[in-house]
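The values are calculated or read from the model by the stated rules, or taken from the named source; none is laboratory data. None of these values were measured; they are calculated from a predicted model. Here the Cβ positions follow ideal geometry from the backbone for every residue, glycine too, while neighbour counts run over all protein chains shown. Remember, those area values only see protein heavy atoms, side chains included, never the ligands or the DNA or RNA. Shrake-Rupley method; radii C 1.70, N 1.55, O 1.52, S 1.80 Å.
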Amino acid sequence: MLLGTGLMLLPLLLLGIVGYLLYLQTIDSFESVIQESLPVGLPVSELHRDILQLDMPLDRYLLSGSQRERQRFGKQTRDIDRQFTALLNNSGLLREYRRDISRAAASWRELVALGKAIIERDRTGHTILLADITHFEEQQQKTSRILDEVYTTLQVEIRTNYQNALHNQQQIQVLLLVVFLAGVLVAIHIGNRLARQVLRPLTLLREGTERFGNGDLSHRIELENRDEFGQLANTFNNMADELEFLASYDSLTGLLNKREFELRLQDEVRRAKRSRHPFVLLLMDLDYFKQVNDTYGHPAGDHTLRVLSSLLKKQVRESDYVGRYGGEEFGMILTDTSEKDARDTAERIRQLVEEKAFTISDNATINITVSAGLACYPDDAANAEMLIACADEALYKAKDAGRNRVISFSDI
């Protein structure tokens, strides 16, 4: 009887061995999706972010002449140098990544030389030419584009490895089905245990990898396991946090891009429905900005947008959101704010912009103005789309009424 029972359980034992081997193979596949991208994904995302922020201490130094800002620029460049060195010294770095990262490092060295030259000219009392600043910003964008190419290559590799991992998961699912159909209590027990400890984590990892590979960087894997699956999920989430930052911000101004701004607006509508607190959407557009580009060139226009973006960020609270909504159009979400307070804020910003002198060429400045339209939730609209339409209509009225003014949707 024992021999007969053993012979009956032998196929289950063999299935268990095969299942265990497939389990290890599946783990390896998912590790390849995440671990192979770690030596590139996280360092490249940090480099991309730090290089985009390099102009901030340089701009502040040129505006204030602060020794502290010059030292901050130097420290930031040294940190980026160390990041490039560590990345290129990584023995596990694949050849296709090493080539593009070497190109980015060479472009970075040119960028640093341009920045130091600008600081040296200012320190020695020479006039800072707009062409120098423009050249610096163009080199900054060039370096950023090379790192973007690395990220694109990384996405292709993730999708390929994901397909291999998916195939392995399908194999283990078929095996579990065979075990279940055997109708043996032991097989049922093993199947249930595998379903709890393997299938759910595998499914979550598969779905997370698929959504990540398709560009949904906001997705996170909610897995509390303390085993290999839990470690993979934590690694995945950490990498997604870094890459989401790159996908959420406008590379020219450092503000939220339009896609991310609209997502934050939808979140704020949901939060306001629960808390019953009002908030205000403010859309702001530069008046006659096309003339700036046509007269002084797009580099001067880009520099003006960057300076204006810095001004806008300083005029709102940490709980508010500021985004670049279009070419020269900006958006603000003023949370837990009444229409009156939001209008006061918009008027203050309008007046600051009107009074500020924007540098557009050597020792030459211009004055610009902005028009703004605002709409209040829930008084003016019941959802995010309607709120955008109301604020846009108010902005149109401000333009039509002569520009350089703030109009609320409730005034129309």
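Results for (1) crowded, with 23+ Cβ neighbours inside 10 Å; (2) over 30 Å from His303 (Cβ atoms); (3) hydroxyl-bearing (Ser, Thr, Tyr), shown as yes or no for each residue.
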{"position": "Asn367", "(1), (2), (3)": "no, no, no"}
{"position": "Ala372", "(1), (2), (3)": "yes, no, no"}
{"position": "Ala375", "(1), (2), (3)": "yes, yes, no"}
{"position": "Met386", "(1), (2), (3)": "no, yes, no"}
{"position": "Leu395", "(1), (2), (3)": "yes, no, no"}
{"position": "Ala398", "(1), (2), (3)": "yes, no, no"}
{"position": "Asn404", "(1), (2), (3)": "no, no, no"}
{"position": "Ile412", "(1), (2), (3)": "no, yes, no"}
Within the range 60-75, restricting to residues that are in contact (Cβ under 8 Å) with a residue 24 or more places away in the chain, open to solvent by 40 Å² or more (accessible area, probe 1.4 Å) and of a type outside the set (A, V, I, L, M, F, W, C), the one that is farthest from Ile360 (Cα to Cα) is Arg70
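Taking the range 288-321 as the search range and keeping residues that are closer than 16 Å to Ala342 by Cα and in contact with a Phe, Trp or Tyr (Cβ under 7 Å, 6 or more places away or on another chain), which one is least open to solvent (accessible area, probe 1.4 Å)?
Once the filter is applied, the top-ranked residue is Leu312.
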Among residues of the range 221-242 being within 16 Å of the chain's Cα centre (by Cα) and either at pLDDT below 70 or among the polar types (S, T, N, Q) (or both), the residue least open to solvent (accessible area, probe 1.4 Å) is Asn237
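Would you be able to tell me the number of residues in the range 322-349 that are open to solvent by 10 Å² or more (accessible area, probe 1.4 Å) and touching a strand residue (DSSP E or B) at 6+ places or on another chain (Cβ under 7 Å)?
Matching residues across the range 322-349 total 11.
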Those residues of the range 122-164 which are surrounded by 16 or more Cβ atoms within 10 Å (Cβ to Cβ) and free of Cβ contacts under 8 Å to residues at least 24 places away in the same chain amount to Asp132, His135
Picked from the range 90-117 (must be free of Cβ contacts under 8 Å to residues at least 24 places away in the same chain and closer than 15 Å to Leu47 by Cα), the residue most open to solvent (accessible area, probe 1.4 Å) is Arg109
With the condition kept exactly as written, say whether any residue in the range 354-368 is more than 19 Å from Phe261 (Cα to Cα) and part of a helix (DSSP H, G or I).
yes
Report task. Kindly indicate whether Leu281 is out of contact with any Asp or Glu (no Cβ under 8 Å at 6 or more places or on another chain) and closer than 26 Å to Arg403 by Cβ. Result -> yes
